[in-house]
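Notes follow once the structure below has been shown.
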Amino acid sequence: MSRTYDCVIVGGGIAGLQAGIQLGRYQHQTVVIDSNNGRSTLCRNYHNILGWPNGVSGETLRNLGEMQASSYGVQIIKDKVVDIAIENTGILQITCHSGDKYFAKKVLLATGVMDRLPEINHLIPCLGLSVYVCPDCDGYEVRNKKTIVLGAGKTGANLAKTIKQWTNSIVYVNHDGDDVDDETKKVLKDQGIEYIKEPIDSILTGTNETAIEGIKLTSGKVIEGEKGFIAFGGNEVRTDLVKSLGIERMENKHITVDPRTKKTSHPNVWAAGDIAVHSEQVTIAMGDGMQAAIWIHKSLMEDQQKP
Ligand SMILES: Cc1cc2nc3c(=O)[nH]c(=O)nc-3n(C[C@H](O)[C@H](O)[C@H](O)COP(=O)(O)OP(=O)(O)OC[C@H]3O[C@@H](n4cnc5c(N)ncnc54)[C@H](O)[C@@H]3O)c2cc1C
């Protein structure tokens, strides 16, 4: 007879690990299943988190989170969940890529969002250190710096306009999007933002491969810059797993949750982090994970008290 966990957490990034820590402290039988490929595996430095004045990498946070959750008896499994189904008993069956199956009374989904990252040489090592994703997180890092926006279509143009608050030296390179319309071109020009429509070959760095010094376009042209931002659009909201459960999703594939409990439209499934809200911040993912864990706990306790 297979063991039934109190909770299976699908996704061991920021939200999933925070929930795991809390569920572990309640002493619930909990497993976190993680495929190790999320936004928190990509970001090499978060700068806006309480307690980390010099920043902290996603890798460090995840390693600390896994250790902390494990110390409370939470199991961490490296695998990819490929299916979630409901058995006749109401127990949720979670199937992994390896073929392993897990059974759970409650499931927390914390699978995150993944940015679209076109193949541009040397992009990955710079992410979060000199090339940024989110102006709310890192607009501050480009203040008064010559900044290159690597983007696509209108998404890139909007990002270029947004970071005007911090710097007057901006070049927007539209890598693989549709050309922007004349009105947008005029707005960019009026704001002193240079616009180039050409694919990017690579990010140029010096001996420090995490510090952008410019970019090379496919024509060979080089544009110098001290900082970069990406805005390619088309990010993947990783919620296809819930299709078979009939869980309510928004048009953009984010999962609708109760704002207080983080419960989805399914009575035994919660969602936390980037997939649930649209703020896409570490601190919010942590808060979501914590809130979900508290309400999963309440639900488990209520179930126990049922005759
Ligand atoms: C380059 C970059 C810089 C950023 N900078 C900042 C910043 O400065 N400040 C800030 O607050 N935020 C920043 N963010 C955003 C921040 O990383 C996210 O908001 C945060 O990681 C969300 O946490 P999450 O737990 O929802 O998702 P994630 O951290 O992405 O974790 C989701 C996890 O789920 C796993 N997963 C997905 N599908 C499955 C599956 N089917 N089976 C098993 N596991 C699965 C993934 O492998 C991943 O480990 C940045 C993001 C990027 C990419």
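Every number in this text was worked out from the coordinates using simple rules, so none of it is lab data. All figures in this text were calculated on a predicted structure; none of them were measured in a lab. When we count neighbours, we look across all protein chains shown, and the Cβ atoms used for this are built from the backbone with ideal geometry, even at glycine.
With a Cα-only, solvent-free Debye model of the stretch 124-231, what are the log10 I(q)/I(0) values at q = 0.12, 0.20 Å⁻¹?
Normalising to I(0) and taking log10 leaves -0.34, -0.98.
Compute the projected area of the convex hull of the Cα atoms of the stretch 191-237, averaged over all viewing directions, and report it in nm² to one decimal place.
Answer in nm², one decimal: 4.8.
Compute the signed sum of charges (Lys and Arg +1, Asp and Glu -1) over the other residues within less than 10 Å, Cβ to Cβ, of A15. Walk me through the numbers before you get to the answer.
Numbers: positive: K262; negative: D274, D288.
For residues surrounding A15, the net value is -1.
Restricting to Cα pairs below 8 Å that are 6+ residues apart, what does the relative contact order work out to for the chain? Please round to a whole percent.
Contact order relative to length: 20 percent.
Would you please put 62-68, 273-279, 33-39 in order of how densely packed they are, using the mean number of other Cβ atoms within 10 angstrom per residue and starting with the highest?
Order by mean packing, descending: 273-279, 33-39, 62-68.
Restricting the count to DSSP beta bridges whose residues both fall in the stretch 165-287, what percent are antiparallel, rounded to a multiple of 5?
That works out to approximately 70 percent antiparallel.
About the Cα centre of the stretch 124-231, what is the dipole size in debye to 20, counting +1 per Lys and Arg Cβ and -1 per Asp and Glu Cβ, all else neutral?
Dipole size: approximately 280 debye.
Quick check on packing: order 258-268, 281-291 by the mean number of other C-beta atoms within 10 Å, highest mean leading.
Going from most to least packed, we get 281-291, 258-268.
How much of the DSSP bridge set in the stretch 124-231 is antiparallel, in percent, rounded to the nearest 5?
Among the beta bridges of the stretch 124-231, antiparallel pairing accounts for roughly 30 percent.
For R25 and V222, what does the FRET efficiency come to when R0 = 45 Å and r is the distance between their Cβ atoms, rounded to the nearest 0.05?
My answer for the efficiency is 0.25.
Taking the stretch 166-307 on its own, what percent of its Cα-Cα pair distances exceed 28 Å? Don't skip to the end; give the middle numbers.
Values: 4765 of 10011 pairs.
Counting pairs separated by more than 28 Å, the tail of P(r) holds 48 percent.
What is the calculated FRET efficiency for S244 to R3, with r their C-beta to C-beta distance and R₀ = 30 Å, to the nearest 0.05? Spell out each step's value before the answer.
Details: r = 23 Å, r/R0 = 0.77.
E between S244 and R3, to the nearest 0.05, is 0.85.
Find, to one decimal place in angstroms, the Kirkwood hydrodynamic radius of the chain, where the mean of 1/r is taken over every pair of different Cα atoms and then inverted.
Computed over the chain, the radius equals 20.6 Å.
How big is the charge dipole of the stretch 236-307 about its Cα centre, in debye rounded to the nearest 20, if each Lys and Arg gets +1 on its Cβ and each Asp and Glu gets -1 on its Cβ?
200 debye
With each run of n ≥ 4 DSSP H residues scored as -39500 (n - 2.57), what mean residue ellipticity at 222 nm is computed for the chain after dividing by its residue count and rounding to the nearest 500 deg cm²/dmol?
Details: 7 runs with 77 residues, N = 307.
Calculated at 222 nm, the ellipticity per residue is -7500 deg cm²/dmol.
Hey, what did the stretch 124-231 get for relative contact order, percent, Cα under 8 Å, at least 6 apart?
Normalised by residue count, the contact order of the stretch 124-231 is 33 percent.
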